[in-house]
Amino acid sequence: MSFRVEEKVPVTAAQLDALIGELQTMGLTQSFPPRRVRSVYFDNLRAQAFHDSEEGVVPRRKIRIRCYPDQEPLEYQLETKISAVEGRFKYGRVLPAPECEDLLARGLIDPQYGVMMPRVVVEYERAYWKLRDFRITTDRHIHYHHPEQPGEVHPEPFHVLEIKADSGTSTDYLRGIIPTGRARFSKFSNAMRSVLAEPDRV
């Protein structure tokens, strides 16, 4: 089990362009071609995963099915992100298409949250970068929608730069390299608030 440090920097498009330009003068390089990402997030009928995320409860989990829509052949991943006292980690497995369709139709059973159903879809364009000994991703054009209402899109006003480093990395070290202010930013939570006006009553 490998824990990691994650810091998020919500920014405007202009701020992100300026930040990437500045980091490139420090050695930032692209590590993987940009691609579209689509994630379907699950929660129970009480929106317990959403509330745990909002309240900072640990341990807590986020469960999603992720794919890259422009990839051929299309491949699905069932991923679980766990936030614990020790840090954060993620594990997952490839989903055969029939199993993916079944989970999207019938939901799944989680040991912490019980029966979970697809609640929100998050889509964005992700670019992948490397600087020194840690990874950086940038997410642009983020938007949210209900799994059954893809035409009713809720755009996210911010783009996001995320720094991912080994668990032993000092946050002071990271902030010395990228001093731009951090903020709590959860695509899952923002999607739940945007798509489901009252998540705990839906």
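The values are calculated or read from the model by the stated rules, or taken from the named source; none is laboratory data. In this text the structure is predicted, and so the values were computed from the model without any measurement. Note that each Cβ is placed from the backbone with ideal geometry, even for glycine, and that neighbours are counted across all protein chains shown. Calculation scope for accessible area: heavy atoms of the full protein, side chains included, ligands and nucleic acids excluded. Shrake-Rupley method; radii C 1.70, N 1.55, O 1.52, S 1.80 Å.
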With Cα springs under 10 Å, the Gaussian network model of the chain assigns the largest mean-square fluctuation among ASP102, ASP43, ASP52 to ASP102
Under Karplus coefficients 6.51, -1.76 and 1.60, residue-wise ³J(HN,Hα) of the range 117-123 in Hz, glycine/proline x: 10, x, 10, 9, 10, 10, 10
Over the chain: helical MRE at 222 nm, DSSP H runs n ≥ 4 each giving -39500 (n - 2.57), nearest 500: -6500 deg cm²/dmol
Within straight cross-link reach of LYS130, meaning Cα distance under 21 Å, which lysines are found once same-chain residues fewer than 8 apart are removed? LYS8, LYS90, LYS164
Using alpha-carbon positions, what is the distance between the centroids of the range 1-32 and the range 65-101, in Å? 23
Normalised contact order of the chain, rounded percent, pairs of Cα under 8 Å and 6 or more residues apart: 30
If the only charges are +1 at each Lys and Arg Cβ and -1 at each Asp and Glu Cβ, what is the size of the charge dipole of the range 87-182 around the Cα centre, to the nearest 20 debye? 520
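Per residue, how many Å² of accessible area does the chain show with a 1.4 Å probe?
52
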Taking the Cα centre of each part, how many Å lie between the range 124-202 and the range 102-117? 24
Quick one: with all protein chains in place, what share of the accessible area of the range 6-50 is carbon or sulfur, to the nearest percent (1.4 Å probe)? 55
Could you pull out every residue, at least 5 positions away or on a different chain, whose amide H is within less than 5 Å of the one on ASP43? Hs are placed 1.01 Å off N in the peptide plane, and Pro or chain starts have none. MET117, ARG119
Sequence-distant residues sharing a close amide H with LEU95 (under 5 Å, placed H): TYR76, GLN77, LEU78
Given that just one value was derived from the coordinates, which of (1) 1, 8, 16, 17, 17, 14, 11, 7, 5, 3, 1, 0, 0, 0; (2) 1, 8, 16, 21, 23, 17, 9, 3, 1, 0, 0; (3) 1, 7, 14, 19, 20, 18, 12, 6, 3, 0 is P(r) over Cα pairs in 5 Å bins from 0, in percent? (3)
Rounded to the nearest percent, how much of the accessible area of the range 91-150 (1.4 Å probe, protein heavy atoms only) is carbon and sulfur? 55
